[in-house]
Amino acid sequence: MTSTSATFSGPPIRGILFDFGNVICTFDNRRILTALAPLCGQPPEVLEQLIQSSDLPATYESGAITSQEFLAGMSSLCGHTLSEDTFVPAFTDIFTPITPTFELIRRLKPRYRLGLVSNTNPWHADRVIRTTEVFPLFDAVTLSHEVRALKPDPRIFEDALAKLGLPPEACVFIDDIPAFAAAATTLGMHGITYTGPEALLADLHALGVDA
């Protein structure tokens, strides 16, 4: 939901929750496909189809399998035994910071409780998310593989709200996927679909957020 009201009349916003991919950092899966193609003897587009047709990434992000089981599954899909030393650097080197979001998080931190809610996996969480320079600014972190629930499952949002200690109506959730923003709205939060930094600032201002 994107508010268009010039004067927000609801309860004051006290918490702002961010998705990670394509909100805090962009990601480009073509990088890993390009890196794996020579090893697997398959063109990137074929590898992409194989991965997209499997439930392996979602299973990994839901915490149902370990990192080593994920690596074995990727090896099977690619038809080549992938080593952790080769695979993990390629798998994690897909993210690029969105500078305006970094700056926004720094501005918001003194006045709001901040949360991070991401569908992610252990390697991305440990090697990318937790090493991102704004990560220490979050008061609460909810990662899908840790809570064993993927957005838009209500449990992932409920975990984040419990960690922040705030009611849903006092919180904003920002995600680039409209269905996930809508799921947050269904739970009583103010869901914003991220389309760019300027639009995000306008949406936050419409909710009375001092950004």
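Figures for the structure shown
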| item | result |
| --- | --- |
| Residue match in region 113-120 (condition: of a type outside the set (S, T, Y), surrounded by 20 or more Cβ atoms within 10 Å (Cβ to Cβ), part of a helix (DSSP H, G or I) and assigned by TED's automatic domain parsing to the domain that holds C171) | no |
| Matching option when the condition is surrounded by fewer than 18 Cβ atoms within 10 Å (Cβ to Cβ) and in contact with a strand residue (DSSP E or B) (Cβ under 7 Å, 6 or more places away or on another chain), among D153, D139, D203, D159 | D139 |
| Criterion violated by L166 - all others in (1) under 15 Å from the mean Cα position of the chain (by Cα); (2) of a type outside the set (G, A, S); (3) in a loop (DSSP other than H, G, I, E, B) satisfied | (1) |
| Of all residues making up region 52-80, the number that are assigned to a helix (DSSP H, G or I), in contact (Cβ under 8 Å) with a residue 60 or more places away in the chain and loosely packed, with under 14 Cβ neighbours inside 10 Å | 1 |
| Inter-residue pairs, beta-carbon under 6 Å, first at positive phi and in region 12-36, second modelled with pLDDT of 95 or more, 6+ apart | N22/D176 |
| Residues of region 128-164 satisfying the condition of being in contact (Cβ under 8 Å) with a residue 40 or more places away in the chain and polar (S, T, N, Q) | T132, S144 |
| Residue list for region 169-191, restricted to those being outside any helix (DSSP H, G or I) and within 9 Å of G15 (Cα to Cα) | C171, V172, F173 |
| Region 182-211: number of residues that are more than 22 Å from R111 (Cβ to Cβ) and in contact (Cβ under 8 Å) with a residue 60 or more places away in the chain | 3 |
| I16 at pLDDT below 95 and β-branched (V, I, T) | no |
| Complete set of residues in region 121-136 that are crowded, with 16+ Cβ neighbours inside 10 Å and part of a loop (DSSP other than H, G, I, E, B) | N121, V128, T132, V134 |
| Yes/no for G21 being within 30 Å of V172 (Cα to Cα) and small (G, A, S) | yes |
| Residue count, region 90-105 (criterion: under 16 Å from I129 (Cβ atoms) and not in a loop (DSSP other than H, G, I, E, B)) | 8 |
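The values are calculated or read from the model by the stated rules, or taken from the named source; none is laboratory data. Keep in mind it's a predicted model, so treat the numbers as computed, not measured. Quick reminder, even Gly has a Cβ in these numbers, built from the backbone with ideal geometry, and neighbours come from all protein chains shown.
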